[in-house]
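See structure below.
The values are calculated or read from the model by the stated rules, or taken from the named source; none is laboratory data. Keep in mind the model is a prediction, meaning the values are calculated, not measured. Using ideal geometry, Cβ is built from the backbone for each residue, glycine included, and neighbour counts are taken over all protein chains shown.
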Amino acid sequence: MDANELHKIACAMVAKGKGLLAADESSGTIKKRFDAINVENIESNRRDYREFMFRTPAMKDHISGVILYDETIRQKAKDGTPLVDVIKASGAVPGIKVDTGAKPLAGSPGETVTEGLDGLRERFAEYHKLGARFAKWRATYDPTRTSYNCVNANAHALARYAALAQEAGIMPIVEPEVLMDFDNDIETCARVTEWVLKDVFQELFYAHVQLEGAILKPNMVISGKKCARQAGVEEVAERTVKILKRCVPTSVPGIAFLSGGQSDEEATAHLNAMNAGHDLPWALTFSYGRALQHAPQKAWCGRPENVGAAQAAFTHRARMNGLAAMGQWKPELEKQAA
């Protein structure tokens, strides 16, 4: 493990005006996305979809890294170039999702724990050979029913994953996500998020994880989707920054938010408000999946003749979020062409 190299990778992930593209949807998850645009969920379509994003010129200016799925890190582009090399050519760093998903947590009905630790050391060795230089592990929490058992089990798993990643020379992204799918208010989200983050960093300490060589990928503190009162942009920004300052050591190089089901513009506006209105001890940027991909998916619809329009849509969203990562986004920019 080279601590300096891990730190360099972490800093590259949160470089000014850049963020991460989360393209690590499983074959099952991307089927839902493809069904919505009437695209058949086959290997070649999954490759073509990801390839046009990776070849978009905006990658060079706004994307620091790409989180890949196991299938994707092994795929080759239509011309035979490994997709990993396409990503590297854009200046971005290839990464890999390594967890195997959330499973029911015994003894805690309705809660989950993320699995995938068995054989992870060997998988990391293979992924490093395939070109991955960072990894991601996601844990999820229902804010309306979270128990100590769930918080502790997931924090322990995140820490063990992060320690194994650093041992393999791979920079870990630690992703504890308090879900926004419920009817909870923003106060509940804030309380559970603080609890989760404090437990995660305690377990990272116990596991001897070097925080200088890691990135946090948390949820924003936000109202549940089904809550009657939806907090405004400034309240989300203020509450999120407040919780992060309470919980996240300054030795962490940066924080890359997940979008968590927010609309494209909501995710951008919230990130911008944090960077524009607050004094921050770490870089704040994005690690978005849906909030970067929804528009290009709709523009593409699986048709080769639509690739140019889809790349333009991706460029626009990447640019908007790049500006938000510097606190320079304005709503009127959304009306401009990509």
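Every residue in region 288-338 that is among the polar types (S, T, N, Q), assigned to a loop (DSSP other than H, G, I, E, B) and closer than 14 Å to His62 by Cα, please. Before you say what the answer is, go through the steps one by one.
To start, the set of residues in region 288-338 that are among the polar types (S, T, N, Q) comprises 293, 297, 306, 311, 315, 321, 328, 336.
The next check asks that each one be assigned to a loop (DSSP other than H, G, I, E, B); those that pass are 328, 336.
Within region 288-338, Gln328 is the sole residue that qualifies.
Going by the conditions given, is Leu179 of a type in the set (A, V, I, L, M, F, W, C), in contact with a Cys (Cβ under 6 Å, 6 or more places away or on another chain) and closer than 16 Å to Asp142 by Cα? Walk me through it before giving the result.
Values: of a type in the set (A, V, I, L, M, F, W, C): yes; in contact with a Cys (Cβ under 6 Å, 6 or more places away or on another chain): no; closer than 16 Å to Asp142 by Cα: yes.
No, not satisfied.
For every residue, the table says whether it meets (1) surrounded by fewer than 18 Cβ atoms within 10 Å (Cβ to Cβ); (2) within 18 Å of Ala10 (Cβ to Cβ).
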residue: Trp137; (1), (2): no, yes
residue: Thr140; (1), (2): no, no
residue: Pro143; (1), (2): no, no
residue: Ser147; (1), (2): yes, no
residue: Asn152; (1), (2): yes, no
residue: Ala155; (1), (2): no, no
* Taking into account only those residues within region 304-338 that are aliphatic (A, V, I, L, M) and surrounded by 21 or more Cβ atoms within 10 Å (Cβ to Cβ), which is farthest from Met13 (Cα to Cα)? -> Ala310
* Residues within region 178-235 that are part of a helix (DSSP H, G or I) and of a type outside the set (Ser, Thr, Tyr), tallied -> 24
* Asked: Out of (1) touching a strand residue (DSSP E or B) at 6+ places or on another chain (Cβ under 6 Å); (2) surrounded by fewer than 20 Cβ atoms within 10 Å (Cβ to Cβ); (3) in contact (Cβ under 8 Å) with a residue 40 or more places away in the chain, the odd one out for Leu68 is which?
  -> (2)
* Asked: Among (1) without any contact (Cβ under 8 Å) to a residue 12 or more places away in the chain; (2) under 25 Å from Ile255 (Cα atoms); (3) not acidic (Asp, Glu), which single condition is Pro57 missing?
  -> (1)
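Which of the helices (runs of 4 or more DSSP H) found entirely inside region 55-130 contain at least 3 residues meeting this: more than 26 Å from Val307 (Cα to Cα) and modelled with pLDDT of 95 or more?
Numbers: elements: 58-62, 70-73, 83-89, 120-130.
Result: 120-130.
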* Structure fact -> How many residues of region 134-177 are in a strand (DSSP E or B) and not basic (Lys, Arg)? The answer is 13
* Give Gly260, Gly277 a once-over and let me know the one that is in contact with a Lys or Arg (Cβ under 9 Å, 6 or more places away or on another chain), surrounded by fewer than 23 Cβ atoms within 10 Å (Cβ to Cβ), at pLDDT below 95 and not aliphatic (A, V, I, L, M). => Gly260
